[in-house]
Every structure is written in C-alpha cells, then in structure tokens.
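These notes concern the structure reproduced below.
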Amino acid sequence: MITITTVIMTLVIILVFIAFYRTITIVPQKSAFIVERLGKFSDTLEAGFHILIPFIDRIAYRHTLKEEAIDVLPQTCITRDNIAVVVDGILYMQVVDPQKASYGIDNYRFASSQLAQTTMRSVIGTLDLDKTFEEREKINAEIVSAVDLASDPWGVKVTRYEVKNIVPPDSIKDAMEKQMKAEREKRAVIAESEGYKEAKVNRAEGEKQEAIKKSEGEKQRRINEAEGRAAEIQKVAEATAEGLRKIAASITTEGGQHAMNLRIAEQYLAEFGKLAKENNTMIIPSNLSDIAGIVAATRVVVEGKLHGEDKG
C-alpha cells in the first residue's frame with residue numbers, strides 16, 4: 001500500500017530531476033545565449049555544454065551568429081526628376097556582439113530594415129530615373145555604409161545590401177520601351193552604315209593595292225625589255241666589231257684585196273639595181289662607167305673604218 005511518505009519522496013525526486021535538467025544547457029554551433037542571474041546580465045554562453053544555477057540563472061536571449069538575410073519590403077521612392085518608383089531589396093547582416101544585440105535595441109532586425117528603407121529613399125531622391133538603373137552599386141554601397149554605422153551600438157554588422165527590383169509606373173515603362181526601341185533601331189542603322197563604309201574602304205584599299213601591283217609589274221616589264229634591248233644592241237655591236245676584225249684580218253692575207261674589190265663592186269651594182277626597180281625616176285652618176293674608181297673610193301672608206309675599229 002502506497003503511503004503519503006512515498007508520494008512525497010517521489011514528488012521530491014521528480015522536482016530535483018526537473019531542476020537538474022533545467023540547469024543543463026547545450027548551445028548549438030554558431031549560436032550564443034545570454035544568461036541573466038536574478039534579472040541581471042550574467043554571462044554569454046558560446047557553443048558547447050553549460051550548467052546553470054537552478055532558479056537563479058535563466059536564458060534570457062538566444063542569438064544566431066550566422067549571416068542573416070532580411071527582406072526589405074517594397075516602398076515608393078521619388079527620384080530627382082519627380083518619378084515615383086517602387087524599390088525593394090535584401091539586407092545581409094550578422095550578430096557580432098550578442099550582449100549589445102540583446103540590450104542595445106529591442107529588435108535589431110526591424111530597426112535595420114527600417115533604416116535601410118529610409119536610406120534608400122534618400123539615395124533614390126538624389127538620382128534621376130535613368131541613373132537609378134545604372135547606379136545600383138552606388139545605392140547598395142551607401143545603404144550598407146549608413147545602416148552599418150547606425151547599427152554598431154546594436155552589436156550587428158551589415159555585410160551587404162542588394163536592390164532587388166526598381167519598378168517605375170506603367171506610363172514610364174511604355175516611354176522607356178519606346179526609347180529603347182528607337183535606340184536599338186538607331187544602333188542598327190549606325191552599324192549598317194559603318195559596315196557599308198568599311199566595305200567601301202576595303203574595296204578602295206584593294207583597288208589601290210591592285211593598281212600599285214600592276215604599276216610595279218609594268219615597271220618591271222619595261223625594265224626587263226630595256227635591259228633586253230640594251231643587251232641585244234651590245235651583242236649586235238660586239239658581233240659587228242668581231243666581223244669587222246675578221247674582215248680586216250682577211251684583207252691582209254694573199255688575195256684579200258681582190259676579194260674585197262669584187263665584193264664591193266657586187267654590192268654596188270646590186271643596190272643600184274634595187275634603186276632602178278623601186279623608183280620611176282633615177283639619177284645616174286656621171287662616172288657610172290668608172291667602176292674601178294668607185295670600188296677604190298669605197299675601199300678607202302672601208303679600210304678607214306676598219307683601222308678606226310682596230311684603234312678603238
């Protein structure tokens with residue numbers, strides 16, 4: 001039969017077990033717990049196994065030390081050229097001092113998000129609508145700088161901020177689409193004209209190179225022809241000189257004078273005969289019967305030429 005003493009002992013054991021269980025605290029990795037002793041800050045528990053004093057110590061705050069992504073809600077911002085745009089973003093932050101994050105501000109997440117929104121409105125107000133799409137890096141940097149400076153007493157570090165969307169009004173969207181279409185058409189026309197210009201330049205350059213090559217070829221051809229004619233004239237002159245030297249050598253041999261007289265007389269008569277055939281009117285020399293005199297005169301001329309060649 002269960003007595004009252006047994007029941008009381010059982011309850012005491014259960015209470016002792018519950019009290020002992022509450023004194024055991026295990027802190028997960030990348031987390032920090034704030035311990036208060038009798039309502040006052042006592043210690044910051046890092047990852048691992050810890051034992052608290054029952055009914056005196058308690059876990060007041062639990063913080064994660066991981067980087068957090070906080071969604072900044074969309075809001076309407078007015079640009080410098082008085083265009084209303086809806087902007088939202090994501091704020092990345094991390095608790096670096098759990099004690100300050102617990103006692104420095106009531107809710108650091110909400111406070112950081114609100115500060116990011118107000119800073120975003122201020123930055124957008126300094127930019128024209130076109131610049132808001134181009135200056136995203138500037139917007140992000142200024143928001144990070146402002147929020148990080150303000151959140152330092154809160155024990156948090158703002159790592160970065162990213163603008164997600166910048167949504168202008170529908171009327172502005174239509175105007176921007178028309179502007180973009182006109183700009184694309186303009187670039188297409190410019191690209192086409194540049195291509196046509198480049199093609200003409202290339203053709204002109206090709207024709208120029210072709211003309212230069214042709215002129216160089218013609219120049220070389222004429223040089224080659226001139227050198228050929230010069231070589232031909234030189235060869236003919238050398239052959240003529242050699243022939244005259246052989247004639248001179250033949251004249252000095254026995255019977256050479258008679259042979260030369262005979263050859264001169266034959267050529268004289270032959271040329272005179274050609275002259276008689278080709279012309280209706282013919283002038284006859286007065287001493288045509290004196291063939292010997294003509295041959296003698298011609299021989300003197302030939303001998304003078306031969307002697308001149310020998311001297312040369």
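The values are calculated or read from the model by the stated rules, or taken from the named source; none is laboratory data. Since we're looking at a predicted model, the values are computed, not measured. Glycine gets a Cβ as well: all are built from the backbone with ideal geometry, and neighbour counts include every protein chain shown.
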Checking residue 51 against (1) hydrophobic (A, V, I, L, M, F, W, C); (2) touching a Pro at 6+ places or on another chain (Cβ under 8 Å); (3) modelled with pLDDT under 90, the condition it does not meet: (2)
Condition check for residue 138: touching a helix residue (DSSP H, G or I) at 6+ places or on another chain (Cβ under 8 Å), assigned by TED's automatic domain parsing to the domain that holds residue 72 and within 20 Å of residue 67 (Cβ to Cβ): no
Residue check for residue 175: more than 22 Å from residue 90 (Cβ to Cβ) and exposed (fewer than 15 other Cβ atoms within 10 Å of the Cβ): yes
Single unsatisfied condition, residue 187 versus (1) modelled with pLDDT of 80 or more; (2) farther than 30 Å from residue 82 by Cα: (2)
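Which one of these is without any contact (Cβ under 8 Å) to a residue 60 or more places away in the chain and either part of a loop (DSSP other than H, G, I, E, B) or not assigned by TED's automatic domain parsing to the domain that holds residue 134 (or both): 76, 25?
25
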Residue in the range 83-105 that is of a type in the set (Asp, Glu), surrounded by fewer than 15 Cβ atoms within 10 Å (Cβ to Cβ) and not in a loop (DSSP other than H, G, I, E, B) present: no
